[in-house]
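All remarks here apply to the structure that follows.
The values are calculated or read from the model by the stated rules, or taken from the named source; none is laboratory data. Everything numeric in this text was worked out from a predicted model, so none of it was measured. Cβ placement follows ideal geometry from the backbone for every residue including glycine, while neighbour counts extend to all protein chains displayed. SASA here: full protein model, heavy atoms, side chains in, ligands and nucleic acids out. Shrake-Rupley method; radii C 1.70, N 1.55, O 1.52, S 1.80 Å.
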Amino acid sequence: MLKKLFKSFRTPTLRGKHSHSTPEVLGSSQHPIERGEISRYAISVVERLQQAGYQAYLVGGCVRDLLLDIEPKDFDVATSATPEQVRAEFRNARVIGRRFKLVHVHFGREIIETATFRANHPEGDEEENSNLSSRNESGRILRDNVYGSLEDDAQRRDFTINALYYDPVTERILDYANGVHDIRNHLIRLIGDPTQRYQEDPVRMLRAVRFAAKLDFDIEKHSAAPIYKLAPLLGGIPAARLFDEVLKLFLAGYAVYTYELLVDYGLFGQLFPASAEALKLNPDYTDQLIRNALDSTDQRIQQGKSVTPAFLLAALLWPALPARVIKLQDRGMPPIPAMQEAAHELISEQCLRIAVPKRFTMPIREIWDMQERLPRRSGKRADTLLENPRFRAGYDFLLLRESAGEQTGGLGDWWTRYQELSDSERRNMIRDLSNKDDAAGAPRKRKRSNNKRKRGPAGDGSNSAAGE
Ligand code: ATP
Ligand code: MG
């Protein structure tokens, strides 16, 4: 009940701006967080550090989520103790990270991540620090490994709602950036000057969208305004980091809404340039296919089922294939090699932007290859396909294509029935195929014809990209 009140109560104006160094303090009666909701290990890390004379708080996503009555994914601790000092306090502590050291305190399977207070690099201290600049020419911070005070730590965080510190001993919340106000008003707001903060770390644009979707918050207008123009800065972010961010964006259970925001803010094209191109060429089909894939991902996550990033990525990229296949065919390449070459090119290009690991690119190729094989069912082919470990993903992908309006001549239904039937009934289905001399089922002679090129969904939508 208290939570409800807290959640629905919106403060129309700021209650007087406080300076960076004096936080607003909320006592235990002014907020709904109860100690019982917090990991006892996180509490014990904080207590232990405080007893040793350090400052220590729970911080970031866990405080934000508890205020919103969302179960936190994990509990992070921020402290004035250095990593070495933290390690000295705990038996099961490991220092991790090279660029910026963190300590993982292990309790069985639970890990409490403990970070030393950090400061933003003050502008202009590069010269003093050596000739190794801490920012690149677009303002991106390349190093941010300077320890700082609690106040510094609050200011270097991304959003006001992520800069709340909770002390489980006194049960007080310290709010240095009006984060409580923004939680009450459902606003994602950068701390400091938005343009500068995005320039320092363009991934914050993706994080703004991710939290807006996850929490169903609005991006405050000054924080929203520069995104569209600054979106191309994502081009300077290492592809491996972007891959991690993409997974967080699409595997949090709010992928459809996240996708809509990414498109609106011009961020989608930075992550998936070829798919954004397909959205222009063939908008209805591409948008529908992506939405349907993301929607089923969201549903699976909500039901606690597993999801594979490969399936999702296969869907995001699929609409970009046909245009490439056609280009290669125009250069005289036969359809099947053209399809394979297009798939290879598309994935290689995508990996320059987002480093998709091989363990995912392989299954993406297999899911796509399966689209070529599913129409060919004669003889023993159908049974061989059914035994293929990738069959299920390939079949689901076929249904996905159909759900977006691709015409496959009832192939999805055929495979659905085939899986439900007994051996003898399956034989009948295969016989029916050859009786009808089903073009897709019959062994095919590949004839080259230059004027009758098959088009995939980018063309008339009547054939698969893998096509024939
Ligand atoms: P989630 O529920 O997704 O874990 P979170 O807020 O805990 O949300 P993390 O990515 O785990 O997000 O980051 C932990 C905290 O570190 C954030 O709350 C924020 O204060 C800070 N942080 C993370 N990334 C950045 C960034 N790019 N710039 C500034 N601060 C950041
Ligand atoms: Mg977190």
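So Pro389 passes all but one of these: (1) open to solvent by less than 10 Å² (accessible area, probe 1.4 Å); (2) not in a helix (DSSP H, G or I). Which condition number does it fail?
Status for Pro389: all satisfied but (1).
Can you find even one residue in the stretch 337-355 that is closer than 27 Å to Gly236 by Cα and assigned to a loop (DSSP other than H, G, I, E, B)? Talk me through it step by step, then tell me what you get.
The initial filter retains those residues of the stretch 337-355 that are closer than 27 Å to Gly236 by Cα, namely 342-355.
From what's left, assigned to a loop (DSSP other than H, G, I, E, B): 354-355.
Yes: one or more hits.
Can Asn145 be described as under 28 Å from Asp244 (Cα atoms) and modelled with pLDDT under 95? Walk me through how you get there before you give the answer.
On the way: under 28 Å from Asp244 (Cα atoms): yes; modelled with pLDDT under 95: yes.
Spelling it out, Asn145 is indeed under 28 Å from Asp244 (Cα atoms) and modelled with pLDDT under 95.
All but one of (1) modelled with pLDDT of 95 or more; (2) open to solvent by 50 Å² or more (accessible area, probe 1.4 Å); (3) part of a loop (DSSP other than H, G, I, E, B) hold for Lys73, so report the exception by its number.
(1)
Between Arg157, Arg109, which is surrounded by fewer than 16 Cβ atoms within 10 Å (Cβ to Cβ), at pLDDT 90 or above and basic (Lys, Arg)?
Arg109
Could you please find all residues in the stretch 246-256 being open to solvent by 10 Å² or more (accessible area, probe 1.4 Å) and in a helix (DSSP H, G or I)?
Selection gives Leu247, Lys248, Val256.
Restricting attention to the stretch 290-311, report how many residues are under 18 Å from Trp368 (Cβ atoms), of a type in the set (A, V, I, L, M, F, W, C) and either open to solvent by 10 Å² or more (accessible area, probe 1.4 Å) or touching a Pro at 6+ places or on another chain (Cβ under 6 Å) (or both).
Here the count works out to 2.
Would you mind finding the one in Ala119, Ala115, Ala78, Ala93 that is away from ligand 1 (no atom under 16 Å from the Cβ) and either modelled with pLDDT of 95 or more or not aromatic (Phe, Trp, Tyr) (or both)?
Values: Ala119 fails: away from ligand 1 (no atom under 16 Å from the Cβ); Ala115 fails: away from ligand 1 (no atom under 16 Å from the Cβ); Ala78 fails: away from ligand 1 (no atom under 16 Å from the Cβ).
Being away from ligand 1 (no atom under 16 Å from the Cβ) and either modelled with pLDDT of 95 or more or not aromatic (Phe, Trp, Tyr) (or both) holds for just one of Ala119, Ala115, Ala78, Ala93, which is Ala93.
Tally time: how many residues in the stretch 76-100 are surrounded by fewer than 17 Cβ atoms within 10 Å (Cβ to Cβ) and either part of a loop (DSSP other than H, G, I, E, B) or within 16 Å of ligand 2 (Cβ to nearest atom) (or both)? Talk me through it step by step, then tell me what you get.
Applying the first criterion (surrounded by fewer than 17 Cβ atoms within 10 Å (Cβ to Cβ)) to the stretch 76-100 yields 82, 84-85, 88, 91-92, 94-100.
Those left that are additionally either part of a loop (DSSP other than H, G, I, E, B) or within 16 Å of ligand 2 (Cβ to nearest atom) (or both): 82, 91-92, 96-100.
Result for the stretch 76-100: 8.
Given the criterion touching a residue at least 24 places away in the same chain (Cβ under 8 Å), under 13 Å from the mean Cα position of the chain (by Cα) and assigned to a helix (DSSP H, G or I), identify the matching residue among Tyr259, Tyr228.
Numbers: Tyr228 fails: under 13 Å from the mean Cα position of the chain (by Cα).
Going through Tyr259, Tyr228 in turn, the sole match is Tyr259.
Go through the stretch 50-67 and give me each residue that's within 11 Å of ligand 1 (Cβ to nearest atom) and part of a loop (DSSP other than H, G, I, E, B).
Matches in the stretch 50-67: Gly60 only.
For the stretch 49-69, give me the residue count where each residue is within 11 Å of ligand 2 (Cβ to nearest atom) and either open to solvent by 20 Å² or more (accessible area, probe 1.4 Å) or of a type in the set (Asp, Glu) (or both).
Here the count works out to 2.
Could you check how many residues of the stretch 279-295 are more than 15 Å from the chain's Cα centre (by Cα), assigned to a helix (DSSP H, G or I) and not charged (D, E, K, R)?
From the stretch 279-295, those more than 15 Å from the chain's Cα centre (by Cα) are 279-289, 292; that's our starting set.
Next, from what is left, pick out any that are assigned to a helix (DSSP H, G or I): 279-281, 283-289, 292.
From the residues that got through so far, the ones that are not charged (D, E, K, R) too are 279, 281, 283, 285-286, 288-289, 292.
Number of matching residues: 8.
On the basis of being open to solvent by 30 Å² or more (accessible area, probe 1.4 Å) and either at positive phi or touching a His at 6+ places or on another chain (Cβ under 8 Å) (or both), does Asp193 make the cut? So that I can check it myself, show each step before the final result.
Details: open to solvent by 30 Å² or more (accessible area, probe 1.4 Å): yes; either at positive phi or touching a His at 6+ places or on another chain (Cβ under 8 Å) (or both): no.
Taking the combined requirement at face value, the residue does not satisfy it.
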